[in-house]
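K.L.:
One structure, pasted below without further comment.
The numbers here are math on the coordinates, done by the rules we state, and not lab data. Note that this is a predicted model, so its numbers are computed, not measured. With ideal geometry, Cβ positions are generated from the backbone for all residues, glycine too; neighbour counts draw on all protein chains shown.
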Amino acid sequence: MGNTNNLQKQELIPYWIKLTAIFFLGWIALYATRSIISPLKGNLESAYSLTNAEIGSIMSLFYLGYTLLNAPSGLIGDILGKKLVLVTGVIGFGAFTIISGTMSTYTMFMFMWILVGIFQGFFYGPQYGLSSEAIPKKHLTLGSAIINSGMAFGLSFGYFISTSSLENGYNWHTPFYIIGVITIIIGLLMWWIIKSRPSTTNGTTANTPKEKISFKQLFCNRNINMCYIIIFSVMFGFFVLVTWLPAYLEEARGIKGNNIATIASLVPWFAIPGSLFFSWVCDRLGSQKPVLLVMLPISLVAVLAVPLSSSITVLVIALITYGLVGKISTNPVLVAIVANSAPSNTLSTSFGVYNCLGMIGSILAPVVTGLIKDTTGSYDLSFYVAAALIGVGMIATLMIKQDAKAA
């Protein structure tokens, strides 16, 4: 035991920092894969003769597959091992991303794309279970924010790969190949870096839990239940933007070419400083509730400002503001509440259920927005619905007890 501790102390880079870095790359892969679709909207419409609702269904069915696997994968990770489940998922969705790009019919494309979503569903619970065990408690919110910021880089990277591929004369299949290969490489790095039975931040070894995992423990905890409501509320608006913002900028605002990717990327890029700053504030305060009560109202106003703005300048300010306080920035704050409130033997399951319920918003947002566009000829109503749901999240935040351990 003494030799093990000495070896840990001799590590040039602490294990939890390595884990934070590789999970950061993992989120880049997840969101780069998701964001390649939106810039390809016109190409998919032409290739498969699709309506806006059918385009929306591509991402809705993707997120359905992703969501359905969140809770089971978290549970399996707690039983069989988080590393095995996590790495299998990453390599799997990388492979199916490549295969999706080879499909010549809409039916086969959808089938493969749903499999990408299913294998992405293996990621969330095991990843946050592993990181919550390894990251020291005093750095938990900030560490989660750094991991979480991979979403921002991934969104921008996916937009860039898709728009650049098209502008340089490549066909719409190319982004799937590029992102798929990068994802498989990241999965192999995870297999090499992640320890199957790591030492926890308390110096003990994280073993497979012996206590029976009870879902009642999760659904009878007020703080966790409120986090479920909040994450759903912010997820809907976020995925309205992630899925439809490039199309909205082109069709409703007349923006073209690389300017679409530049403006659409404002949300993820400004989410990085926002996420790090608000997570740092949470760690300093030792409480997440007051921070959420600042972030959510500002987020609501920013979402409303998108359809209501009369100039590109105001639109850009609204997107920057949403980036600073939106879903990407609120997620590590909510993750800290769940980590502090969940039973220690159900961390992976807790995060799986949390993300599963939150991702229902991601299932609904793309197809609902597509239906709104087909019915009304405008995207505006989808932004108003998103703002109303953020208001529901604000009410849920008021119900959280200040003591993060309170049930």
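K.L.:
Report ³J(HN,Hα) in whole Hz for each residue of the stretch 395-400, in order, from the Karplus equation J = 6.51 cos²θ - 1.76 cosθ + 1.60 where θ = phi - 60°; Gly and Pro get x.
P.N.:
With the stated coefficients, the stretch 395-400 comes to 4, 4, 4, 4, 7, 6 Hz.
K.L.:
Between residue 46 and residue 311, how many nm apart are label points set 7 Å from Cα along the C-beta direction?
P.N.:
3.6 nm
K.L.:
How far is the Cα center of the stretch 44-70 from the Cα center of the stretch 262-329, in Å?
P.N.:
Going from one Cα centre to the other spans 27 Å.
K.L.:
Return the Cα extents of the stretch 36-100 along principal axes one, two and three, sorted largest first, each rounded to a whole Å.
P.N.:
Over the stretch 36-100, Cα extents along the principal axes are 45, 21, 15 Å.
K.L.:
Determine the principal axes of the Cα atoms in the stretch 14-67, then give the extent along each, sorted from largest to smallest and rounded to whole angstroms.
P.N.:
52, 21, 11
K.L.:
Another question about this same structure. Write down the radius of gyration of the stretch 47-182 and its Dmax, each obtained from C-alpha positions, in Å.
P.N.:
When restricted to Cα atoms, the stretch 47-182 yields Rg and Dmax of 16.6, 53 Å.
K.L.:
Could you tell me which residue out of 111, 304, 136 lies farthest along the dipole of the chain toward its positive end? Charges go on the beta carbon: Lys and Arg +1, Asp and Glu -1, centred on the Cα centre.
P.N.:
Ranked along the dipole, the leading option is 136.
K.L.:
Still on this structure, I have one more. For residue 280 paired with residue 80, estimate the spin-label separation in nm (one decimal), with each label point 7 Å from Cα along the Cα-to-Cβ line.
P.N.:
4.1 nm
K.L.:
Between residue 12 and residue 168, what FRET efficiency follows from the Cβ-Cβ distance if R0 is 51 Å, with the result rounded to 0.05?
P.N.:
The formula returns an efficiency of 0.80 here.
K.L.:
Per-residue counts of other Cβ atoms within 10 Å, averaged by peptide: what ranking do you get for 318-328, 156-166, highest first?
P.N.:
318-328, 156-166
K.L.:
Would you mind computing, in nm to one decimal, how far apart the modelled labels at residue 195 and residue 401 are, each placed 7 Å from Cα along Cα→Cβ?
P.N.:
The answer from the label model is 3.4 nm.
K.L.:
Follow-up question, since we're still on this one. Express in whole angstrom the spacing between the alpha-carbon centres of the stretch 88-112 and the stretch 349-375.
P.N.:
21 Å
K.L.:
Ok, one more. Kirkwood Rh and Cα-based Rg: tell me the resulting Rg over Rh for the chain, rounded to two decimals.
P.N.:
For the chain, the value is 0.96.
K.L.:
Output the Kirkwood hydrodynamic radius of the stretch 237-381, Cα pairs only, in Å rounded to one decimal.
P.N.:
Computed over Cα pairs of the stretch 237-381, the Kirkwood hydrodynamic radius comes out at 16.4 Å.
K.L.:
Can you sort 389, 30, 285 by how many other beta carbons sit within 10 Å, fewest first?
P.N.:
285, 389, 30
K.L.:
So what is the 222 nm mean residue ellipticity for the chain from helices alone, if each DSSP H run of at least 4 adds -39500 (n - 2.57) and you divide by all residues, rounding to the nearest 500 deg cm²/dmol?
P.N.:
-26000 deg cm²/dmol
K.L.:
Let me have the relative contact order for the chain, percent, based on Cα pairs under 8 Å that are six or more residues apart.
P.N.:
Taking the mean separation of contacting Cα pairs over the length of the chain, I get 29 percent.
K.L.:
Could you size up the charge dipole of the chain around its Cα centre, putting +1 on the beta carbon of Lys and Arg and -1 on that of Asp and Glu, and report it in debye to the nearest 20?
P.N.:
Here the size comes out at about 1180 debye.
K.L.:
Enumerate the calculated ³J(HN,Hα) couplings along the stretch 367-377 in order (Karplus 6.51 cos²θ - 1.76 cosθ + 1.60, θ = phi - 60°), each rounded to whole Hz, writing x wherever the residue is Gly or Pro.
P.N.:
Using θ = phi - 60°, the values come out as 6, 4, 5, x, 5, 4, 5, 5, 7, 9, x Hz.
K.L.:
Please tell me which of these pairs span more than 22 angstrom C-alpha to C-alpha: 18/327; 195/327; 138/289; 18/401?
P.N.:
18/327; 195/327; 18/401
K.L.:
If you take every residue apart from residue 172 with its C-beta less than 13 Å away from the C-beta of residue 172, what net charge results, scoring Lys and Arg +1 and Asp and Glu -1?
P.N.:
Here the charged neighbours net out to -1.
K.L.:
Write out the chymotrypsin sites (Phe, Trp or Tyr not before Pro) in the stretch 27-123 meeting two conditions: DSSP loop, and at most 16 other Cβ atoms within 10 Å of their Cβ.
P.N.:
For chymotrypsin sites (Phe, Trp or Tyr not before Pro) across the stretch 27-123 that sit outside H, G, I, E and B with at most 16 neighbouring Cβ atoms in 10 Å, the list is empty.
K.L.:
If you line up the Cα atoms of the stretch 302-358 on their principal axes, what length do they span on each, largest first, in Å?
P.N.:
Principal-axis extents of the Cα atoms in the stretch 302-358, largest first: 51, 17, 11 Å.
K.L.:
Can you list, largest first and rounded to whole Å, the semi-axes you get for the stretch 98-168 by taking the square root of 5 times each eigenvalue of its Cα gyration tensor?
P.N.:
They are 32, 18, 6 Å, listed from largest to smallest.
K.L.:
Still on this structure, please answer the following. Rounded to whole Hz and in sequence order, give me ³J(HN,Hα) for the stretch 90-95 from the Karplus expression 6.51 cos²θ - 1.76 cosθ + 1.60, θ = phi - 60°, writing x for Gly and Pro.
P.N.:
5, 5, x, 6, x, 5
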